[in-house]
1. If you go through the stretch 91-103 one residue at a time, do you hit one that is closer than 22 Å to residue 235 by Cβ and either modelled with pLDDT under 95 or not in a helix (DSSP H, G or I) (or both)?
2. Please determine, by comparing only the residues of the stretch 318-346 that are in contact (Cβ under 8 Å) with a residue 40 or more places away in the chain and assigned to a helix (DSSP H, G or I), which one is surrounded by the most Cβ atoms within 10 Å (Cβ to Cβ).
3. If a residue has to be in contact with a strand residue (DSSP E or B) (Cβ under 7 Å, 6 or more places away or on another chain), open to solvent by less than 30 Å² (accessible area, probe 1.4 Å) and in a helix (DSSP H, G or I) to count, how many in the stretch 104-132 make the cut?
4. What number of residues within the stretch 12-60 are among the charged types (D, E, K, R), surrounded by 15 or more Cβ atoms within 10 Å (Cβ to Cβ) and over 27 Å from the mean Cα position of the chain (by Cα)?
5. Are any residues in the stretch 261-280 out of contact with any Leu (no Cβ under 8 Å at 6 or more places or on another chain) and either surrounded by fewer than 24 Cβ atoms within 10 Å (Cβ to Cβ) or of a type in the set (S, T, N, Q) (or both), and if so, which ones?
6. Within the stretch 16-51, count every residue that is touching a Gly at 6+ places or on another chain (Cβ under 8 Å) and either part of a loop (DSSP other than H, G, I, E, B) or among the acidic types (Asp, Glu) (or both).
7. Can you pull out every residue in the stretch 347-360 that is in a helix (DSSP H, G or I), under 22 Å from residue 394 (Cα atoms) and open to solvent by 50 Å² or more (accessible area, probe 1.4 Å)?
8. Hey, can you tell me all the residues within the stretch 197-226 that are within 15 Å of residue 278 (Cα to Cα), without any contact (Cβ under 8 Å) to a residue 60 or more places away in the chain and either buried (at least 16 other Cβ atoms within 10 Å of the Cβ) or not charged (D, E, K, R) (or both)?
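The values are calculated or read from the model by the stated rules, or taken from the named source; none is laboratory data. This structure is a prediction, so every number in the text was calculated from the model and none was measured. Ideal geometry is used to build each Cβ from the backbone, glycine not excepted, and the neighbour counts take in all protein chains shown. Side chains are part of the model used for accessible areas, which takes the heavy atoms of the whole protein and leaves out ligands, DNA and RNA. Shrake-Rupley method; radii C 1.70, N 1.55, O 1.52, S 1.80 Å.
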Amino acid sequence: MSSGDAVQQIKERLDIVEVISPYVELKPAGKSLKGKSPFTNERTPSFYVSPERGMYYCFSTNQGGDIFTFVEKMEGVDFKGALKILADKAGVELVREDPKKRTERDNQYAALEAAATFYEQSLKECEEAVTYLKDRGVSGLTAKQWRVGYAPDEWRELKTALEAKNITTSTLRTVALIKGEEGKEPYDVFRDRVMFPICDPSGRVIGFSGRLLHPNDKAPKYVNSPESPLFKKSEALFGYHRAKEGIRKMDFSLIVEGQFDVVLAHQAGYHNAVAVSGTALTPHHVSLLSRLSNRVVLALDADRAGIAAVKKGAAVMLKRGMDVKVAQLPDGEDPADMIVDDVTRFKQCIGGATHVIEFLLAVYKKDATDERTYKLRVREEVLPFVALIPNHIDQEHFVG
């Protein structure tokens, strides 16, 4: 079936109102329905849906379209991603096209998908890696759901396996699965690592994060895929494809630091947890999250780097008018440790999260030697954050 036929079938099976309703509260307005724009923080509804025509229009941003353009905008995916999401919802089967017709981009996605499958298979054959995951508290089911794998401790095992499946060396190089100097035989980027696939919002593998199974002085403990045409650190959020529904239902996103934190948070019932991949939180990340909920809780390490990350992330989110809270983790513990050790304590910690301004005030109060130093720090470090809050009532509350 061509994508044109699939689009037709999906439109016949899905009503625009049922596609838009999970994102926007719609109320009748004559022949149409109206609600508050999901693209802005407006008070007066200016978003209209016409069930008759199968179209929507948003007056506050002057944009409109059908169910496909709506899903592309809300989920941050391209047309293909929207097609996949809506096909799943409509129960329409998308038939794979002839491999010869695949574009270069499709070949890149295919290479990463094949790598994820290869790593999953290798994990089953490596008892030590399976034991390591169990020791970290990851259940077999969780490992399967998150497609956790293992990169063998060999120089070219992935390269050999994927080239045998007719994936070219040049494609493997482009998606950063192999590397090496020109003129020399390239080798696998990931070796002896527990592998976590990083996916785009529609669930396609775009890169990996690997944790060294046998740490040593020569190699970094964690390595993320280098940037490629499909993987951009400033755009990718680890776990977002699995957390979208949870963020919407729980009405807040939980931002943690690493892959184990995300996976174990989901295992503990926090299906709204995500993490950035080797970068600070960017406006693009914030845009993805704020589409689903305006509220966020940061649960980052309590060390200096963690506090710096809180400040960087909060600056971007407060500017967007988001409600930013911070969960105060005990010194030296990360979410993954806490969940394995005592999940109730972790839940209390998230439940007791305080507004980022209050959190920073407490941090500087604890570090200050006297009242004057404390006031100076607050003026230098905290007041600039208060100035970022668009809501004047909130601003006045914190200035007080």
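1. For the stretch 91-103, residues closer than 22 Å to residue 235 by Cβ and either modelled with pLDDT under 95 or not in a helix (DSSP H, G or I) (or both): present.
2. 335
3. So the answer is 6.
4. Residues meeting the conditions: 1.
5. Answer for the stretch 261-280, where residues must be out of contact with any Leu (no Cβ under 8 Å at 6 or more places or on another chain) and either surrounded by fewer than 24 Cβ atoms within 10 Å (Cβ to Cβ) or of a type in the set (S, T, N, Q) (or both): 266, 267, 268, 269, 271, 278, 279, 280.
6. Residues meeting the conditions: 5.
7. Listed by number, the residues that qualify are 351, 358.
8. 199, 210, 211, 220, 222, 223, 224, 225, 226
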